[in-house]
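Taken together, the values in this text are just the output of simple stated rules run on the coordinates, not laboratory data. Here the structure is a predicted model, which means the values were calculated and not measured. Methodologically, a virtual Cβ is constructed for each residue, glycine included, from the backbone with ideal geometry; neighbour enumeration extends over all protein chains shown.
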Amino acid sequence: MIPAAFDYHRPDSLQDALGLLQTHGEDARVMAGGHSLIPMMKLRMAEVPHLIDLQAITGLRGITIDGATLRLGAMVTQHEIIEHAGLSCAAPILREAALQIADPQVRYMGTIGGNVANGDPGNDMPGLMQCLGAEFTLVGPDGTRSVAARAFYEAAYMTARTDDEILTAISFPATTGGYAYEKQKRKIGDYATAAAAVLLTRKGGTCASASIAMTNLSDVPVWSEAAAQALVGTACDDTAIKAAMAAMDADIDPGEDNRGPVAFKRHVAGVILSRAISRAWSRT
Amino acid sequence: MNDLSPERDNRIANLKGLGCSRKRVEDVRFTQGKGNYVDDIKMAGMLHGDFVRSPYAHARVVSINTDAAMALDGVIAVLTAKDLEPLGLHWMPTLAGDKQMVLADGKVLFQGQEVAYVVARDRYVAADAVELVEVEYEELPVLVDPFMALESDTVLREDLAGQTSGAHGERRHPNHIFLWEEGDKAATEAVLAEAEVVAEEMIYYHRTHPCPLETCGCVASMDKVNGKLTLYGTFQAPHVVRTVASLLSGIEEHNIRVVSPDIGGGFGNKVGVYPGYVCSIVASIVTGKPVKWVEDRMENLMATAFARDYWMKGRISATKEGKITGLHCHVTADHGAFDACADPTKFPAGFFHICTGSYDIPVAYVGVDGVYTNKAPGGVAYRCSFRVTEAAYFIERMIERLAQELNMDSAELRRINFIRKDQFPYHSALGWEYDSGDYHTAWDKALAAVGYDTLRAEQAERVEAFRRGETRKLMGIGLSFFTEIVGAGPVKNCDILGMGMFDSCEIRIHPTGSAIARLGTISQGQGHATTFAQILASEIGIPADSITIEEGDTDTAPYGLGTYGSRSTPVAGAATALAGRKIRAKAQMIAAYLLEVHDNDVEFDVDRFVIKGAPERFKTMKEIAYAAYNQAIPGLEPGLEAVSYYDPPNMTYPFGAYICMMDVDVDTGETEVRQVYALDDCGTRINPMVIEGQVHGGLTEAFAIVMGQEIAYDEMGNCKTGTLMDFFLPTAVETPHYTTDFTETPSPHHPIGAKGVGESPNVGGVPMFSNAVHDAFRAFGLKQSHMPHDHWRIWRIAEGLGLHG
């Protein structure tokens, strides 16, 4: 658990950070909270000759609520998400999910930007961002661009971000209606065996709109449009929930690991989604 | 003395002796981060060692090229088996009569095995150099299944080729280590053949790991000027390490000093001798500098001693009324690549033959086949006496299975088969003499405390509700009644590498009436500095707060066999009491002289000697201590010291009744332990608060083992559980709440009647939690599902029983 030697950089501006990325190319990586990257370096599964720590860049911090649009700087920690009253009001699902990530010590350091940019299928925020329809702001040598969370993930640890870009912010609309983030894990600090993010709106007795995303059930987060569609226009009764579960099941592709075999994961994914829908519906 | 005045009560309270929930004196430094662990030790010029380890479970080592590593700035040496061979140290003896490679000698036998040892100026350079050592391997067929190993043509231990017998008798296959048997096989078979009811089951106690928070490590320092070797390390048995180090190195034992500083948990993991210790010693001798080696978490989980891995095939017979008539057990024991179990020499399966448990079973047989596989060596007693938790799990599962066959309540089945109070001392069918017990009283108290009948009614209602589709959660009631066997042990049949398993205490009373006592044991969190002072306080009348307890330095402590198997209180605790009594005997003579009466005219009273019938005339221990050093007393040597070496006449047999209640989600496999009740009888209770802490810790480790903790391998012998992400170590969130209780049946042969308690909760807790899971599914016909009962395996039970519709 001793990393290979590396140079440590702590730029205080985004431009300096981008400059370092340009200079060192493939030898450099940016680090946010470090709770994914540092263990990988200690295991020598990631070799990073130039580590660029983003902690000193104040422009990457802060939560802003501008009408119905929320914007989170990449360096906002999970702890800040949990503590932010306005955010909890405007998009309560974020707090519900953040409270199920790791443990308090990790949440003090772990950031939303690191969580979504790393591309780890075990992370909770990528699926949630897809559920929310979030946009990721990427800044690189050629300027700034925006990529939808639903188009960002290509494979495990592979994303639409290019090596010379830094993910600087995340924005998404405030939520209305019911919400739930449901997660099964083996213990505190573990990644999900299965997790479901659900947003629902109600019009009269039926579901007017829905968004559903699943975590750690494929090598990328799974935004299941079909599962959501199965709910729209229904009263989210047992039949509708079963239809959503079946649609979701067709979209996921879990692998066997120490958390269990594929059949178990599919079963649990269905149960977790069912619970999430019920809870979200009860909150509409 | 009949003086029960408040003044006398105050004097008793002031001692903080037996029975006092005195706060742990160790915790002041531990809670402030002021402990001194091996990795805290820094010495001038100290070098750092690190291992190159095998990525393969079975492979020939074709070549090792150390040139690139040696060329790295700061690298002092890279040791391989070739370097150790001239010293005869490329292999070392194990505690189990086998031998083990220190560094890979031609082949590797498990993933994570030590291949080369790098010595460098700092820890970081050492880790970089490990990456630069080039090892060429040629993969060989891997055996991870002990049953297949006994059928395979693949020979793991080529060094033993042609040896048809080992340290424990005949070897019937190249991958077979021993067959060890106890009991009357023919008589047992005969009883089983004619029995009215027989339950038969294969019960697997999976491979797990003690996983102490502090991993193993050492600092070896050879002083070439005075020829002395000092070895600091995480040793549960420092004196044994000194003797082994002397025998291996040829350095005379008086020139070796072994020190166990603060130890962050041992649980059996720190009993054995590891290649890291040997390589560090050699490196220090070669370089003339201190060399530190501390393993990381992955190395600890993958390469140091595992626990359990016992496949236990059982048959138990009974009359139709439920009276047990016989027990047969055959174990296939997976020992890994080397037989490095830490058991008393004559017991290759430890005390597994306590497996008749708490029951009066007239005839029994047990046979254990030890087998080599491509897994890490070990087989240590993880928070239990030697193989006792395996035995307790086996019998308590067999009792549940028998209850199923009899269609009987298993609490009642236990009751009608318990050894009765009037049968003690009880001779078991497998050769043990149980010293004392009162099982029925403990069981009835436990069942009443949890409201057993009410729980069963609630469970029955839950099953009905489940069948009606109103709930997806079942309820399990976990019963366990266990008998431990601890305090190894009588020298006539217990030894480790020939050293009898006595223990020792040496006491010095200082002139001003305080004291220091040194013992041959070593605390790893048990609180010896607290509890042994309490034993002494009651024996010699000096307040526990005025007594320093010191352990772990072989230059100062008397020889002892160390701390494991709950032996400290039964053995060293007895030595402490007896050494205290020697102090008291001399103090009596001094008191009589000072009071100008005959020795027999004074008697001990709490903290003083008084004249019989005239308690107002007395000499306190403080006064006596001073007199011992400042007066010439005719016929007595100056000073007040004593030493005692205690050879226990028998083991002690703590017991307990544990019951828990658990909700099981049949869809997700999640569980929630709603209630745990643990009644322990450890004989005389020295410090109830320390006992409660020990029980909480042991129950938590039992919970971990049952609900998820395992060392798992894939078919290529890759360890799948090498980090704490996958190796289940519960946090405060997962850990259940515990209620503790007790009965007190003193050991008749122990000087203060104490029996030991540190390991009881693991021994009793494992069957309790596992039985709860099984019990939840009993109404649906579940017979046996192997641990660990993690989410997916519980889901698989429900799936197998058709509960997912």
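Observations on the structure shown:
- Counting only DSSP H runs of at least 4 residues, each contributing -39500 (n - 2.57), and dividing by the residue count of chain B, the helix-based mean residue ellipticity at 222 nm comes to -8500 deg cm²/dmol.
- Distance-filtered residues of segment B:383-410 - backbone nitrogen under 15 Å, label point 7 angstrom along B:R456 Cα→Cβ: B:400, B:403-410
- Highest mean packing first, where packing is the average number of other Cβ atoms within 10 Å per residue, the peptides B:403-415, B:343-355 line up as B:343-355, B:403-415.
- 14 Å cut-off, amide nitrogen to a point 7 angstrom out along A:A250 Cα→Cβ, residues in segment A:219-238: A:224-231
- When both segment B:562-641 and segment B:481-515 are represented by their alpha-carbon centers, they are found 22 Å apart.
- For a modelled paramagnetic label at B:Y37, 7 Å from Cα along Cα-to-Cβ, the residues of segment B:357-383 in reach, with backbone nitrogen under 19 Å, are B:383.
- When the Cα positions of B:I633, A:P39, B:G233 are compared along the charge dipole of the protein assembly as shown, B:I633 comes out farthest toward the positive end, with charges on each C-beta of Lys, Arg, Asp and Glu.
- Once both labels are positioned 7 Å from their Cα atoms along Cα-to-Cβ, the gap between B:S21 and B:K445 label points is 1.6 nm.
- For segment B:215-268, the square roots a ≥ b ≥ c of the C-alpha gyration tensor eigenvalues yield an a/c of 1.5 or more together with a/b exceeding b/c, which makes the shape prolate.
- Peptide A:184-190, shielding by other chains (average Cβ, 10 Å cutoff): 6
- Extended-chain gain in nm, criterion 0.36 nm per residue less alpha-carbon gap, B:L497 and B:T154: 120.4 nm
- Whole-Hz couplings from phi, Karplus 6.51/-1.76/1.60, listed for segment A:28-37; x for Gly and Pro: 10, 9, 8, 10, 9, x, x, 7, 9, 6
- Spin-label model, A:D142 to A:D163: label points 7 Å out along the Cα-to-beta-carbon direction sit 1.6 nm apart.
- The mean number of Cβ atoms from other chains found within 10 Å of a Cβ in peptide B:443-456 is 0, as a whole number.
- Likely footprinting exposure, B:R793, B:R420, B:R315, fewest C-beta neighbours within 10 Å first: B:R420, B:R793, B:R315
- Order of B:T743, B:T471 - criterion: other Cβ atoms within 10 Å of each residue's Cβ, fewest first: B:T471, B:T743
- Legend: calculated FRET efficiency, B:T735 to A:D238, from the Cβ-Cβ distance at R0 = 41 Å, rounded to 0.05, equals 0.70.
- Put a plus charge on the Cβ of each Lys and Arg, a minus charge on the Cβ of each Asp and Glu, and nothing anywhere else: the dipole of segment B:672-765 about its Cα centre is then about 260 debye.
- For chain A, the longest principal axis of the Cα atoms and the long axis of helix A:14-24 meet at an angle of about 70 degrees.
- Segment A:7-52 shape via C-alpha gyration tensor axes, a/c threshold 1.5: oblate
- Relative contact order of chain B, pairs being alpha-carbon contacts under 8 Å that are 6 or more residues apart, as %: 16 percent
- For chain A: relative contact order, % (alpha-carbon pairs under 8 angstrom, 6 or more apart): 15 percent
- Tilt relative to chain A, helix A:262-282 - C-alpha long axis, 0 to 90 degrees, to 10: 70 degrees
- Prolate/oblate/rounded label for the protein assembly as shown (Cα gyration tensor, a/c 1.5): prolate
- Sorting A:S146, A:S209, B:S568, B:S747 by the number of Cβ atoms found within 10 Å of their own Cβ, with the fewest placed first, yields A:S146, A:S209, B:S747, B:S568.
- Of the GluC sites (Glu not before Pro) found in segment B:527-609, the ones in coil according to DSSP and having at most 11 other Cβ atoms within 10 Å of their Cβ are B:E596.
- Positive dipole terminus of chain B, leading residue within B:S785, B:P6, B:V142 (C-beta point charges): B:P6
- Neighbouring partner chain Cβ atoms per residue of A:257-270, average, 10 Å criterion: 4
- Under-5 Å amide H pairs with A:G33, H placed in peptide plane, nonlocal only: A:T111, A:G114
- A simple spin-label model places pseudo-atoms 7 Å from Cα toward Cβ; at B:L247 and A:A208 they are separated by 8.2 nm.
- In order along segment A:117-125, the Karplus-derived 3J(HN,Hα) couplings, from 6.51 cos²θ - 1.76 cosθ + 1.60 at θ = phi - 60°, round to 7, 5, x, 6, x, x, 5, 7, 5 Hz, and Gly and Pro are given as x.
- Per-residue ellipticity at 222 nm computed for chain A from its helices equals -9500 deg cm²/dmol, with DSSP H segments shorter than 4 residues left out and the rest contributing -39,500 (n - 2.57).
- A:A230 long-range amide H proximity, modeled H, under 5 Å: none
- A DSSP coil position with no more than 10 other Cβ atoms inside 10 Å describes none of the chymotrypsin sites (Phe, Trp or Tyr not before Pro) in segment B:709-773.
- Segment B:689-754, relative contact order [Cα under 8 Å, separation at least 6], %: 26 percent
- Amide H to amide H distances under 5 Å link B:C494 with B:M501, where only residues 5 or more positions off or on other chains count and H is placed in the peptide plane.
- Cβ-derived FRET efficiency at R0 30 Å, A:N258 paired with B:D67, nearest 0.05: 0.20
- Between the beta carbons of B:K421 and B:A779, assuming R0 = 35 Å, the FRET efficiency works out to 0.55 to the nearest 0.05.
- Taking θ as phi - 60° and the Karplus parameters 6.51, -1.76 and 1.60, the scalar couplings of segment B:515-529 work out to 8, 10, 10, 10, 10, x, 9, 8, 6, 10, x, 6, x, 4, 4 Hz in sequence order, x denoting glycine and proline.
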